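Have a look at the structure below, then the notes.
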Amino acid sequence: MEQFKKKFLEEASDLINSLEDVLLKLDEDPNDAQIIEEIFRVMHSLKGGSSMFGFEKMDGFTHELETVYDLIRIGSLEINREIMDITLAAVDHLKVLLENGDELDERGRKNHQVLLERIRKITNSKEIQEEKTNQGEDKDRELTEDKSRLLESAPTYFITVKPHEEIFNNGTNPLLLIDELHTLGHCKAFVKQHKLPLFDELDAESCYLEWEVFLSTDQSTDDIMDVFIFVEDVCEVNIHKIARENLLAITSFTSELVNFIKTDKETDVEALKSLVEDVQNQNQEEDAEQIRLKDLSSQKQKANISNIRVSSDKLDDLMNLVSELVTTQASLSLYAETHQSPELASIAENIEKISRQLRDNTFEICLIPIETIMIRFKRLVRDLSNELDKEIQFIAEGTETELDKSIIEGLTDPLMHIFRNAIDHGIESAEERLQKGKPRQGRIVLKAYYSGTHVFLQIKDDGKGIDVEKIRQKAINRGFITPETQLSYKELLNLVFLPGFSTAAMVTELSGRGVGLDVVVKKISDIRGDVEIESQLGVGTTITIKLPLTLSIIDGLLVKIDHTHFVLPLSSVDKCFEASNYDVQNAFNNKIVLDGKQVPLVHLRKEFDINENNPDLHQVVQVNYDDYKIGLSVDSVIGEYQAVLKPLGRMFKKQEIISGATILGDGTIALVLDPAKIISTFDRETIMKREQLKQTTDVDT
Amino acid sequence: MEKTIVIVDDSESIREVVGFTLKNAGHKVLSAVDGKDALKFFGGDKVDLLVTDLHMPEMNGIELIKEIRSKDNYKFIPILFLTTESQQVKKMEAKQAGATGWIVKPFVPEKLLAAISKVVR
């Protein structure tokens, strides 16, 4: 705050100077409205700032002064000699105040008082004094307010909130106000839809919903009204006190409410009050019983255990059952859709909601933090660095990041390999490091973090890095490329992932036994992950692994080609577009223009050899993979779909573009496409690049 | 969640103290010295909230609010204006221009954040 204060003082001195300047102008031309406006503005800024930064005297003083000019501005007061004199004297006084940092000596204080009185005489501002005393009271009330709320005894209010249709025009979101009511105490809100028009007549920019809220709080009705302070003019709010105690704590009342409150009708307050009476009578009888029960349950709670151990087999079973449930729910939803029955539809919708929650919960149970495998790597670093006589510090960050346990299991081996590489080939010996001007101790950092629906694991060392020239040489020696092949830095680096490529000049005991990084890539892609490498010679190497949060159920986009369904992982879907048959069939150079940009197009019909029933309009789904965008043409997009991934049979193991299958609601099977593999299999540019690489290899050997 | 908040005031100290409070609360703050200057943030980029003073030299707060409300992209964004106790008339005028709510000067950080939480989340 101090630094702001200083700034304000500088600013205030500027303001006061300019105020003096404008005042002198006004003296020449007392009727110029613009000058008066300017004076008012400057005073206002000065007041705002001084109150903000605790210069009370200055604040009070400018406030009085401002009032004068406000009156002049609106024409109830006219500038005269006296006002001019006082204002100029006031400005002088403000300078004194500013210089002394809001402090005054005896003479100053006297002057302050005299000036204030003279100003007040002008405005004769009764009104303002009243306001002041009101403010004082407000503060007192705030202070005496007891923060701790005894919910049981807090009275219950019934609040009707009826926003006007045009409430959105002021940028108000009425839901936030309902949310805010929840912060006041125990609260239950019901939405009312009786004013909602038919879809055809619905204006999306109008608000048709109303709310009825039960709130149990020890705050006063004024405090509740305060929630709606911004919307008094665009929203009708009525507050009825319906009970002295918290009705929401009475279960028989809340269960009655669900039937009593109808979404399509306004609730009659009188009827509600009689319901409350009924419940209160009933409740008194049950009270004694409840107290006894409460004692019992609190005793039980004490004995509760917060953690239990479950064998992972049981979790796998649970996971499988949930998968089955999700599949069955899909068929129920489909059935409900084709049968026009509102009851069935609402049941299906509920089941969908619950199974989604169940799915999320089960996933969460199956998640374990990366921390659990960290101990192994700590050990590895310690042992290995001793053996190789290197000094290495291992730092793990974000190890609380959680992953599905099957992913963690699949992750251990490849990570071991990466660590070995980093220790063995990455980090130099202490002498070498000192020679290079690096700290004696090498560093390996493992960083885990979430990003979207993925988890990233980064292993970073500050060792010698990878010499791309060496890689290049080696690739030429091994016949992967010819000396003429032009490859970018990244492409060169990625050569290390090729099978049979190892950069270690010397085969050591620990790594470089011919088991190269290609195995890492293979294992990571088994758990649907990706590996990326970055390196700078002399600075270090970073390997980044991108992993899905879970393996067995994914959110997908269901699409259709002819009579066959396919699922695209939603995480890679960017946008959907419409394209004519002509555009798709005759895409020049296999590019299509989407959103004004040329994007490579894969015509799936052509690639899958489906030739019947060519539609007039195709849908092009733009998928995003590693910053590479590509359009996939399909016949139609059906919608979002929770796909339970099932592996394909053994005979399909060789194919790559399909990562699994899922059973749809009607029992048919949809294939789940892997966008990454589709790009590498069908995209012309990617293929061409690879062909080039391969051709040179062929010529070589 | 991080929100993009535009703060408009001709007083640098107010801009700084509001900006400081909002940044501390984890928001992205863009500041402008007056209405005209503020318009540069409303060319299509996402803005979650506008906090503006009413008295400013070039294009005052009321004009700014009207201008913003006339833009399709920002028709429904919350707008708060800074005001003092004594300005009841201005309050009505600003509300009619399309403001969502107001923040009474002087304010402590908690009061500022409470007002903001009323209109954006």
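Bear in mind that the values in this text are calculations on the coordinates, not laboratory data. Model, not experiment: these values are computed from the prediction. Cβ atoms come from the backbone with ideal geometry, glycine included; neighbour counts cover every protein chain shown.
If you average 1/r over every pair of different alpha-carbon atoms in the protein assembly as shown and take one over that average, what Kirkwood value in Å do you get?
Details: mean 1/r = 0.0296 Å⁻¹.
With all distinct Cα pairs of the protein assembly as shown included, I get 33.7 Å.
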For the stretch B:4-119, with +1 on Lys and Arg beta carbons and -1 on Asp and Glu, the positive-most of B:64, B:92, B:117 along the dipole
B:117
Cα centroid of the stretch A:370-418 to Cα centroid of the stretch A:54-107, whole Å
70 Å
Rounded, prolate or oblate: pick one for the stretch A:552-630, where a ≥ b ≥ c are the square roots of the eigenvalues of its C-alpha gyration tensor, a/c under 1.5 means rounded, and failing that, prolate if a/b is larger than b/c, else oblate.
oblate
Separation of the stretch A:570-600 and the stretch A:164-211 by C-alpha centroid, Å?
40 Å
C-alpha center-to-center spacing [the stretch A:642-660, the stretch B:12-68] in angstrom
54 Å
Using the Kirkwood radius over Cα pairs, work out the Stokes-Einstein diffusion coefficient for the stretch B:24-120 at 37 °C and 0.692 mPa s, in µm²/s as a whole number.
240 µm²/s
Residue farthest toward the positive end of the dipole of the protein assembly as shown, with Cβ of Lys/Arg at +1 and Asp/Glu at -1: which of A:529, A:643, A:363?
A:529
What does the stretch A:567-687 give for Rg and for Dmax, in Å, if only its C-alpha atoms count?
14.4, 43
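Pairs of alpha-carbon atoms within less than 8 angstrom and 6+ residues apart define the contacts here; what relative contact order does chain A have, in percent? Intermediate results must be reported in sequence, preceding the final value.
On the way: 975 pairs, mean separation 53.1, N = 701.
Computed value for chain A: 8 percent relative contact order.
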Rg and Dmax of the stretch A:151-287 over Cα atoms: what are they, in angstrom?
15.8, 52
Roughly how many debye, to the nearest 20, is the charge dipole of the protein assembly as shown about its Cα centre, given +1 on each Lys and Arg Cβ, -1 on each Asp and Glu Cβ, and no other charges?
3540 debye
Return the calculated 222 nm mean residue ellipticity for chain A, to the nearest 500 deg cm²/dmol, obtained by summing -39500 (n - 2.57) across DSSP H runs with n ≥ 4 and dividing by the residue count.
-15500 deg cm²/dmol
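Efficiency by 1/(1 + (r/R0)^6): what FRET value for residue A:593 and residue A:206, r their Cβ-Cβ distance, R0 = 45 Å, to the nearest 0.05? Present the calculation step by step, with values, prior to reporting the outcome.
On the way: r = 37 Å, r/R0 = 0.82.
Plugging the Cβ-Cβ distance into 1/(1 + (r/R0)^6) gives 0.75.
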Net length gained if the chain between residue A:393 and residue A:88 were fully extended (0.36 nm per residue, minus Cα distance):
102.8 nm
Would you work out which of A:182, A:90, A:407 lies farthest towards the positive end of the dipole of the protein assembly as shown, given +1 charges on the beta-carbon of Lys and Arg and -1 on that of Asp and Glu, about the Cα centre?
A:407
Net length gained if the chain between residue A:482 and residue A:339 were fully extended (0.36 nm per residue, minus Cα distance):
45.0 nm
Counting just the Cα atoms, what span does the stretch A:391-495 cover along each of its three principal axes? Round to the nearest Å and put the largest first.
46, 36, 23
Could you tell me whether the stretch B:46-102 comes out rounded, prolate or oblate from its Cα gyration tensor? Rule is a ≥ b ≥ c as square roots of the eigenvalues, rounded for a/c under 1.5, then prolate if a/b exceeds b/c, otherwise oblate.
prolate
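Equivalent-ellipsoid semi-axes (√(5λ), Cα gyration tensor) for the stretch A:46-97, whole Å, largest first?
On the way: eigenvalues 92, 39, 6 Å².
Ellipsoid semi-axes (Å, largest first): 21, 14, 6.
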Taking a crude spin-label model, label points 7 Å out from Cα along the C-beta direction, the residue A:165 to residue B:40 distance in nm is 4.1 nm
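When the dipole is taken about the Cα centre of the stretch A:542-635, and only Lys, Arg (+1) and Asp, Glu (-1) are charged at their Cβ, what size is it in debye, to the nearest 20? Show your work: numbers first, answer last.
On the way: 8 positive and 13 negative charges, 55 e Å.
Using Cβ point charges on Lys, Arg, Asp and Glu, the stretch A:542-635 gives about 260 debye.
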In nm, spacing of pseudo-spin labels at residue A:608 and residue A:313 (7 Å Cα→C-beta vector):
4.0 nm
Please give the helix A:468-478 orientation as an angle from the longest Cα principal axis of chain A, in degrees from 0 to 90, rounded to the nearest 10.
20 degrees
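Let's see if you can work this out: charge +1 on each Lys and Arg Cβ, -1 on each Asp and Glu Cβ, no other charges. What is the dipole magnitude of the stretch A:369-548 about its Cα centre, in debye to the nearest 20? Each step should come with its number before you reach the end.
Values: 25 positive and 27 negative charges, 33 e Å.
I would put it at about 160 debye.
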The stretch A:312-366: C-alpha gyration tensor shape, a/c 1.5 cut-off, then a/b vs b/c:
prolate
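Residue A:225 to residue A:627: FRET efficiency via 1/(1 + (r/R0)^6), r the Cβ-Cβ distance, R0 41 Å, to the nearest 0.05?
Working: r = 52 Å, r/R0 = 1.27.
With a Förster radius of 41 Å, E is 0.20.
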